[in-house]
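Inspection log for the structure reproduced underneath, given as structure tokens.
The values are calculated or read from the model by the stated rules, or taken from the named source; none is laboratory data. Computed from a prediction, not measured in an experiment: that's the story for all the values here. Glycine gets a Cβ as well: all are built from the backbone with ideal geometry, and neighbour counts include every protein chain shown. Heavy atoms of the whole protein, side chains included, go into the accessibility calculation; ligands, DNA and RNA do not. Shrake-Rupley method; radii C 1.70, N 1.55, O 1.52, S 1.80 Å.
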Amino acid sequence: MIIEQPPFFYRALFPGALWRITPKEKCVYLTFDDGPIPEITHWVLDVLDRYGVKATFFCVGENVQRYPEIYKEIIRRGHSTGNHTFNHIQGIRYWSSNFVANVEKAACLIKSNLFRPPHGHMRIAQTWKLRKRYKIIMWDVVTRDYSPHMTGPGVLANVKRYTRKGSVIVFHDSIKAERNMKWALPKAIEWLLKEGYVFKRIE
């Protein structure tokens, strides 16, 4: 559970970050990390269109630079985007000035005030600097679709077990997550709709 749904003590390390949104409403916020890439992102967009679902994509700057048309397509289809650094770097491995510079480099391509740190790791000083300009969006449910030790049914089980009102759910539009995500995403959306959840994007 520490990975799938971070406990309070971990959330307290990032003051001002959003982990769960409007918990009084029966809604969820579907998010995707690490794209855009041609092998996966188009497929995700088509699935979301099929179910009439809007989501938020936290994009890596160098991927946006390589595939600008896919990034434009995300926005054209009515989804929101967020900054996920330029090179998908972990804040705890960098000086704050270098980490913030990497985020700002990505911001030249990703016009958004939303930010999510890769792997959810960041120094406290980085949090304080970035929150002046960005809404830091973490998560309430991470599906672990990226894990080689996880299966598609296991990813779906994580969604069913941990989702609650206002949950921010993380999938990944990445090669590493492809097998599990492609199996679990449509089934997770169908289950959430059946349970009466409304999907919202993060503005």
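Of the GluC sites (Glu not before Pro) found in the stretch 1-58, those that fall in a DSSP loop while having at most 13 other beta-carbon atoms within 10 Å are E25, E39. Relative contact order of the stretch 41-148, taken over Cα pairs closer than 8 Å and 6 or more residues apart, is 24 percent. Cross-link reach is defined here as a Cα-Cα straight distance under 13 Å, omitting same-chain residues fewer than 8 places apart; for K165 the aspartates and glutamates meeting it are E25, D140, E195. Would you give the gap between the C-alpha center of the stretch 126-203 and the C-alpha center of the stretch 29-53, rounded to a whole Å? Value for the Cα centre distance between the two parts: 12 Å. For the stretch 1-118, what does the alpha-carbon gyration tensor say about shape, rounded, prolate or oblate, given a ≥ b ≥ c as the root eigenvalues, a/c under 1.5 as rounded, and a/b over b/c as prolate? Here the stretch 1-118 falls in the oblate category.
Return an integer: the convex hull volume of the alpha-carbon atoms of the stretch 118-157, in Å³ per residue.
Details: hull volume 3.4 nm³, N = 40.
Per-residue hull volume (Cα only) is 84 Å³.
In percent, rounded to a whole number, the relative contact order of the chain is 32, using alpha-carbon pairs under 8 Å and six or more apart. Within a straight-line Cα-Cα reach of under 22 Å, K105 can be paired with the following lysines, leaving aside sequence neighbours fewer than 8 residues apart in one chain: K72, K129, K132, K135.
Of the beta bridges in the chain, as assigned by DSSP with both residues counted there, near 5 percent are antiparallel. To the nearest 10, the accessible area of L48 is 0 Å² with a 1.4 Å probe. Kirkwood analysis of the Cα pair distances in the stretch 121-203 returns a hydrodynamic radius of 14.1 Å.
Carbon and sulfur: what percent of the chain's accessible surface (1.4 Å probe)? Don't jump to the answer; show the numbers that get you there.
Values: 5300 of 9430 Å².
So the carbon and sulfur contribution to the accessible surface is 56 percent.
Here each label is just a point 7 Å from Cα along the line to Cβ, and for D46 and Q65 those points are 3.0 nm apart. The Rg/Rh ratio of the stretch 47-203, with Rg taken over Cα atoms and Rh as the Kirkwood radius over Cα pairs, comes to 0.96. Computed over protein heavy atoms with a 1.4 Å probe, the accessible surface of the stretch 27-113 works out to 41 Å² per residue.
Longest span of the chain, sites excluded, free of trypsin sites (Lys or Arg not before Pro) in DSSP loop with at most 14 other C-beta atoms within 10 Å?
On the way: sites that count: K24, K26, R77, K111, K132, R133, R164, K176.
It works out to 27-76.
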